[in-house]
Amino acid sequence: MFLSACPRLWGVVHRHVSAILVSFSLIPGAAAFAVSPNDFQGSDVERINQAIEAAAATGEPVVVPRINRAADGDRDIWLLDSAILVQDGTYLELENCHLKLSDQSRDNIIRSANCGMGITDIQPIRNVTIVGKGRVTLEGADNPRSTGDSAKTLGVRSYGTDAGVEGESQTGDWRNISILMAYVDHFRIENLFLKDAHAWTISLERCAYGVIRDLEFSATESKVVNGKREVFLNQDGLDLRQGCHDIDIANISGHTGDDLIALTNIVNDAMAAGSPDYIMVSTPNNRGDGQDDIYNITIRNVRGHTAGGHHIVRFLNAGGLRIHDVILDGLIDTSTGRRAKAAVKIGDANPAWGGVAPLGDTYRIFISNVMSRAQHTILIAGSLSESSISNVIKYNAAGRPITYKSGSDNVRNVMVHNVMPRMTDSNDQSQLPQRKR
């Protein structure tokens with residue numbers, strides 16, 4: 001009543017309060033209303049998941065800070081025994097923090113809560129944000145129970161302390177993926193450093209309308225465990241699987257054990273959703289009518305390499321599933337040691353994946369601005385039609401910039417422009433046009 005009777009005084013108070021609120025909102029990482037796992041009791045992952053549950057009821061963001069105020073004392077790491085489960089509407093802000101899987105965990109670091117072990121009917125969710133502020137690290141375990149995909153036997157082809165343990169799966173599976181989401185629409189994943197994944201680092205299944213940006217990967221297809229270098233297979237960086245569409249990918253860097261980025265669309269009708277026997281958590285089938293095509297994907301500004309000598313970017317589809325309307329613009333091969341097999345590989349003749357896709361199943365792929373020292377710069381090992389390849393430089397490697405491994409019969413209406421002949425090294429000018437004197 002007093003302030004309403006004194007409009008000049010009310011104006012002064014209002015201006016000062018507004019200034020305080022605006023100043024607070026400008027503090028990096030500051031959230032006026034946020035839920036912190038430090039407000040809950042339990043293990044590290046229990047407290048984070050309790051915070052997500054509480055935030056789901058209020059619509060507030062969840063902020064995981066750098067300092068973990070655990071019951072046994074403060075520390076600057078969050079040790080996870082199981083997965084952080086993001087829900088419909090989750091806004092998860094990771095603030096200068098370090099999340100790491102414990103040696104007891106055989107689970108993802110982050111998973112969408114709608115999928116998991118024994119969940120055969122995955123219900124769609126939407127509006128999920130996972131964003132890092134400052135330097136945020138997501139790291140695999142020091143001594144993981146399982147690594148590799150579902151084709152890798154533990155202790156034979158890829159490392160895992162569960163090898164030979166009765167009652168435990170003896171192959172890798174979807175739990176080895178660091179960030180796994182299925183049937184999520186309208187999402188963001190950004191500003192994360194991801195290290196020593198147990199298999200694929202990020203895998204999205206039937207996700208759409210998303211933004212993925214500012215990710216750095218670090219993996220070498222092996223790791224020293226208890227003084228011995230062990231093999232960790234299938235350490236892809238970012239994988240898009242069946243049904244992913246309308247996704248913008250930008251600013252991807254670092255190195256991975258396997259492919260840095262892969263769009264992979266292959267069928268395995270024998271597997272059910274939620275099975276511990278496969279690397280996908282949803283059913284890897286073809287629902288028909290183009291529902292499981294991968295399309296409307298943009299990939300820009302890739303600066304990295306595959307430490308295991310695989311591919312920097314890979315497009316693979318078979319079994320009637322299609323990949324189309326994809327833009328790859330800007331790829332710099334940062335390798336200095338082992339060469340990639342290909343900077344960009346399109347398709348495959350391997351009968352295990354269905355062989356070369358029919359002509360017309362991989363189409364409207366636009367690739368531009370690629371520089372690489374890989375064995376093959378652009379490797380067409382399957383089919384490709386109605387596409388464009390431009391501004392490609394191959395250097396310090398034998399052969400032509402484009403390799404038509406599957407033959408000309410599997411290529412149709414592909415425009416090639418400004419593809420540079422092989423350069424032997426950065427100082428070799430002999431293959432460049434010489435200026436007339």
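Coordinate-derived values only; no laboratory data. A quick note: this is a predicted structure, and the numbers were derived from the prediction, not measured. Backbone-built Cβ (ideal geometry, glycine too); neighbour counts: all protein chains shown.
Are there trypsin sites (Lys or Arg not before Pro) in segment 263-306 that DSSP marks as loop and that have at most 14 other Cβ atoms within 10 Å, and which are they?
Arg287
Compute and list, largest first, the equivalent-ellipsoid semi-axes of segment 183-249 from the alpha carbon gyration tensor, each √(5λ) rounded to a whole angstrom.
Sorted largest first and rounded, they come to 28, 13, 7 Å.
Where does each of Phe232, Phe33, Phe187 land when they are ranked from fewest to most other beta-carbon atoms within 10 angstrom? Numbers along the way, then the final one.
On the way: Phe232 29, Phe33 9, Phe187 23.
Going from least to most buried by this count: Phe33, Phe187, Phe232.
Count the lysine pairs in the chain whose Cα atoms sit under 22 Å apart, keeping only pairs 8 or more residues apart in sequence or on different chains.
Lysine pairs meeting both conditions in the chain amount to 17.
Tell me the net charge near Asn38. Cut-off is 9 Å between Cβ atoms, Asn38 excluded, with +1 for each Lys or Arg and -1 for each Asp or Glu.
Spelling it out: positives minus negatives among the neighbours equals +1.
Quick one: check the C-alpha center-to-center distance for segment 199-242 versus segment 243-276, whole angstrom.
If we compute the Cα centre of each part, the gap is 10 Å.
Where nothing but the Cβ of Lys and Arg (+1) and of Asp and Glu (-1) is charged, how large is the charge dipole of the chain around its Cα centre, in debye to the nearest 20?
That gives a dipole near 2020 debye.
Just one of (1) 1.04; (2) 0.94; (3) 0.97 is Rg/Rh (Cα atoms, Kirkwood Rh) as worked out from the coordinates here. Which one is it?
(1)
With unit charges on the beta carbon (Lys/Arg positive, Asp/Glu negative), name the residue among Gln87, Gln235, Val64 whose Cα is farthest towards the positive pole of the charge dipole of the chain.
Gln235
How big is the dipole moment of segment 347-406 about its Cα centre under a simple scheme where the beta carbon of each Lys and Arg is +1, that of each Asp and Glu is -1, and everything else is neutral? Debye, nearest 20, please.
Values: 5 positive and 3 negative charges, 57 e Å.
With only Lys, Arg, Asp and Glu charged at Cβ, the dipole is about 280 debye.
With runs of 4+ DSSP H residues as the only contributors, calculate the mean residue ellipticity of the chain at 222 nm using -39,500 (n - 2.57) per run, divided by the residue total and rounded to the nearest 500.
Only helices count here, giving -2500 deg cm²/dmol.
For segment 49-88, treating each Cα as an identical point scatterer without solvent, what Debye log10 I(q)/I(0) comes out at q = 0.14, 0.26 1/Å?
The Debye formula, applied to the Cα set alone, gives -0.37, -1.00.
Taking θ = phi - 60°, what integer Hz values does the Karplus form 6.51 cos²θ - 1.76 cosθ + 1.60 yield along segment 356-372, in sequence order, with x for Gly and Pro?
4, 5, x, 4, x, 8, 10, 8, 6, 9, 10, 10, 8, 6, 10, 10, 7
On a C-alpha basis, how far is the centre of segment 73-136 from the centre of segment 354-409 in Å? Whole number, if you could?
36
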